[in-house]
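Notes to accompany the following structure.
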């Protein structure tokens, strides 16, 4: 059985939603045209426009693979996002009050929002859509949301009991689906165009009629990338960084190691020009290594994926102590040079991505972007990569 990047077993792909030409009130279709790189084409982007159909009919539509064209009579008030990528998009667009459900609210790295003045994000009243045993489609009826920011095909990956007919049923009886799997590219179940983070974010913004908020976020994001690109050290001067899962077995010496992947999962690492220590040693999406294999590659720094979402700072420190105490692990250059870092949450949206980009910039290039001192680093405005108040203002509608 295949495993996900958390090291958990995953079912094989079952049904992929296919066929059709439009979605009106919830019917599904597969992706339209795609470019050679697997991203949405200009035609698809051009279709993503709100259309006013008359003075008395203010309906509008949003087109996004794989579901196609979704018609809205008015902006959604209630919504769920199976992956917290889309949850973060909704929060960025000022829609936190309408969020009803997420796959696992406890995995959302809400600590990032604490560094945005006047922004209050809590998952206390957000339902868990699924657990370790999968999910029941009845949850969609129970939460009764106006829109489901979910790639329905991803649900078929997670559950043997979900298929395209279920998606049609929920779309007709409750509310439409709108979403595309962004995390990682190249999975064998995904045969329609992928979207970048901001391509998908734009679609969600159109659904909520929040174009101005989207453009404000995009401007901050573009400014951050411009600053990063103009400041990066030469490639040969960058440290060799290895990505490991924080969910590895530190005591038993069994680690999930990753190359930097295409897709939203590792966006910040690609944007920062990370010099990947593991890519040439791994075939596929991940490898399972022991301490000896790690020492053979011996990266200059190690970043632990899911460190911001799956462990607290104290728990992370305990894991690092186990790594240091191992007779082989203690010989790693990253251990001896104290370059062991909490890494990104996998399902990052626009807000989380800004923080995770800043964290990685400081972890990789402290001489350029300032030293990483744990989460408290985000409270230091002098070396911040982006304006916290400006982000907070967009979320709160004060821009």
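Overview of values
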read-out: Rough spin-label spacing in nm, given labels placed 7 Å along Cα→Cβ, for residue 398 and residue 254; value: 5.1 nm
read-out: Global geometry of region 42-211, whether rounded, prolate or oblate, following the gyration tensor of its Cα atoms and the 1.5 cut on a/c; value: rounded
read-out: Span from the region 322-361 Cα centroid across to the region 150-180 one, whole angstrom; value: 35 Å
read-out: Per-residue Cβ neighbour rank within 10 angstrom, fewest leading, 313, 382; value: 382, 313
read-out: Prolate/oblate/rounded label for region 140-284 (Cα gyration tensor, a/c 1.5); value: oblate
read-out: Where a label projected 7 Å from the Cα of residue 295 along Cα→Cβ would reach, residues of region 330-346 with amide N under 14 Å; value: 330-336
read-out: Antiparallel content of DSSP bridges confined to region 42-211, in %, to 5; value: 45 percent
read-out: Mean-position separation - Cα centroids, region 198-249 and region 93-141, in angstrom; value: 22 Å
read-out: Inter-site label distance for residue 215 and residue 187 at 7 Å from Cα along Cβ, in nm; value: 3.4 nm
read-out: Beta bridges per DSSP with both ends in region 221-396, % antiparallel, nearest 5; value: 40 percent
read-out: Rounded, prolate or oblate (a/c below 1.5 giving rounded, otherwise prolate when a/b exceeds b/c) for region 69-153 by Cα gyration tensor; value: oblate
read-out: Estimated inter-spin distance, residue 106 and residue 73, nm [label 7 Å along Cα→Cβ]; value: 3.9 nm
read-out: Pairwise FRET efficiency - residue 368 versus residue 338, Cβ, R0 = 22 Å, nearest 0.05; value: 0.75
read-out: Segment residue 227-residue 288, extension gain: residue separation times 0.36 nm, minus the distance between their alpha carbons; value: 18.4 nm
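Rule-based calculations on the coordinates, nothing more; no lab input. This one's a predicted model, so the numbers in the text were calculated from it and none came from an experiment. Here the Cβ is made from the backbone with ideal geometry for all residues, glycine too, and neighbour counts use every protein chain on show.
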